[in-house]
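Here's the structure we're looking at; comments come further down.
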Amino acid sequence: MNSLETAKANAAAAYNAAADLFDHPANTFWDRFGRETIERLGLQPGQSVLDVCCGSGASAIPAAEAVGREGRVVGIDLAENLLELAWRKAESRGLNQVKFTLGDMMSLEFPEAAFDAVVCVFGIFFVPDMPSAVRELWHRVKPGGKLALTTWGPNFFEPANRVFWESIRSEAPDLHKSFNPWDRISHPDSLAAMLAEVGIEDADISEQAGIHAIDSPEDWWTTLLGSGYRGTIDRLDAVAHGRVREANLRYIRDSRLSGIEANVIYAIATKSDV
């Protein structure tokens, strides 16, 4: 497989596995940042929205609420299990204006200028060629419409993130990563530079510092299993898995850590209607 197909396969496997704990109460950050992304768009009733990498509906559900029954929301994701969660949420809320479908941002089957808003929350960095992915999304935005990208800021999930990767290095050095995909755009300047490659020069980019509460050692492990870390954890053998789990629980317990950094960068770009 080429780098794009490999990235897609890895992301799909990790998040299909993570679906069992993705919406656990310990992982409220998905809904929090998804909803805030939509609030920043200022959607109006009757508008149309495309949400790529929609996960279990953290941004698609509030988008559907904002556009109302006369509007339309399409959520796309590579992970079928997350789409099933999203569909159940929409059905329980009677949100018939949102549909979820399996797909990816590099193979969109929509015409250009088809949506009033296109959204991608915590997803654009999974594609090796981010400018090409953004270009695909930007083409689907109507004149006068908006593109919303949300990504992780610096110090993602620190200080516990460092401890996790150190425990992986100790057990399975071949699985250790010193670089995360979102590191490429974890500062406003690097995000702005990436958007400029696509010709988007005037995006409204803002940082938001935050802390995600860790109420217990088990909560940290649940966060790991209900996120992209799952792709690494599931590749460990049973013995290594147990030792990595214990190392992480012990760190939270001994340090009495009560929260991890959850810094976010929001970018909203408006397409000229001229």
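Here are the numbers:
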| item | result |
| --- | --- |
| Gly75 being small (Gly, Ala, Ser), open to solvent by less than 10 Å² (accessible area, probe 1.4 Å) and either touching a Pro at 6+ places or on another chain (Cβ under 6 Å) or on the phi > 0 side of the Ramachandran plot (or both) | no |
| Residues that are of a type in the set (D, E, K, R), in contact (Cβ under 8 Å) with a residue 40 or more places away in the chain and assigned to a loop (DSSP other than H, G, I, E, B), drawn from segment 244-274 | Lys271, Asp273 |
| Residues of segment 231-243 classified as open to solvent by 30 Å² or more (accessible area, probe 1.4 Å) and either within 23 Å of Ala11 (Cα to Cα) or without any contact (Cβ under 8 Å) to a residue 24 or more places away in the chain (or both), total | 7 |
| Tally of residues being open to solvent by 30 Å² or more (accessible area, probe 1.4 Å) and in a loop (DSSP other than H, G, I, E, B) across segment 197-227 | 7 |
| Filter result (of a type in the set (A, V, I, L, M) and closer than 30 Å to Leu191 by Cα) within segment 245-268 | Ile260, Ala262, Val264, Ile265, Ala267, Ile268 |
| Odd one out for Leu102 among (1) open to solvent by 40 Å² or more (accessible area, probe 1.4 Å); (2) within 19 Å of Ala133 (Cα to Cα); (3) in contact with a Ser or Thr (Cβ under 8 Å, 6 or more places away or on another chain) | (3) |
| Single match in Ala238, Ala262, Ala247 (criterion: touching a helix residue (DSSP H, G or I) at 6+ places or on another chain (Cβ under 6 Å), more than 27 Å from Glu39 (Cβ to Cβ) and of a type outside the set (Lys, Arg)) | Ala247 |
| In segment 109-129, residue modelled with the lowest pLDDT [restricted to those that are over 17 Å from Ser59 (Cβ atoms) and either acidic (Asp, Glu) or in contact with a Lys or Arg (Cβ under 7 Å, 6 or more places away or on another chain) (or both)] | Glu109 |
| Filtered residue count, segment 22-53, keeping only those that are in contact (Cβ under 8 Å) with a residue 60 or more places away in the chain, over 15 Å from the mean Cα position of the chain (by Cα) and farther than 19 Å from Thr270 by Cβ | 2 |
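For every residue, the table says whether it meets (1) touching a His at 6+ places or on another chain (Cβ under 6 Å); (2) part of a helix (DSSP H, G or I); (3) crowded, with 21+ Cβ neighbours inside 10 Å; (4) at pLDDT 95 or above.
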| residue | (1), (2), (3), (4) |
| --- | --- |
| Ala12 | no, yes, no, no |
| Leu21 | no, yes, no, yes |
| Pro45 | no, no, no, yes |
| Glu65 | no, yes, no, yes |
| Glu70 | no, no, no, yes |
| Ala86 | no, yes, yes, yes |
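Table: residues versus (1) touching a helix residue (DSSP H, G or I) at 6+ places or on another chain (Cβ under 9 Å); (2) in contact (Cβ under 8 Å) with a residue 40 or more places away in the chain; (3) among the hydroxyl-bearing types (Ser, Thr, Tyr); (4) open to solvent by less than 20 Å² (accessible area, probe 1.4 Å).
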site: Arg93; (1), (2), (3), (4): yes, no, no, no
site: Asp116; (1), (2), (3), (4): yes, yes, no, no
site: Ala148; (1), (2), (3), (4): yes, yes, no, yes
site: Pro159; (1), (2), (3), (4): yes, yes, no, no
site: Phe164; (1), (2), (3), (4): yes, yes, no, yes
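The values are calculated or read from the model by the stated rules, or taken from the named source; none is laboratory data. What you are looking at is a predicted structure, and each value in this text was computed from that prediction instead of being measured. In this analysis, Cβ positions are derived from the backbone assuming ideal geometry, glycine residues included, and neighbour counts consider all displayed protein chains. Remember, those area values only see protein heavy atoms, side chains included, never the ligands or the DNA or RNA. Shrake-Rupley method; radii C 1.70, N 1.55, O 1.52, S 1.80 Å.
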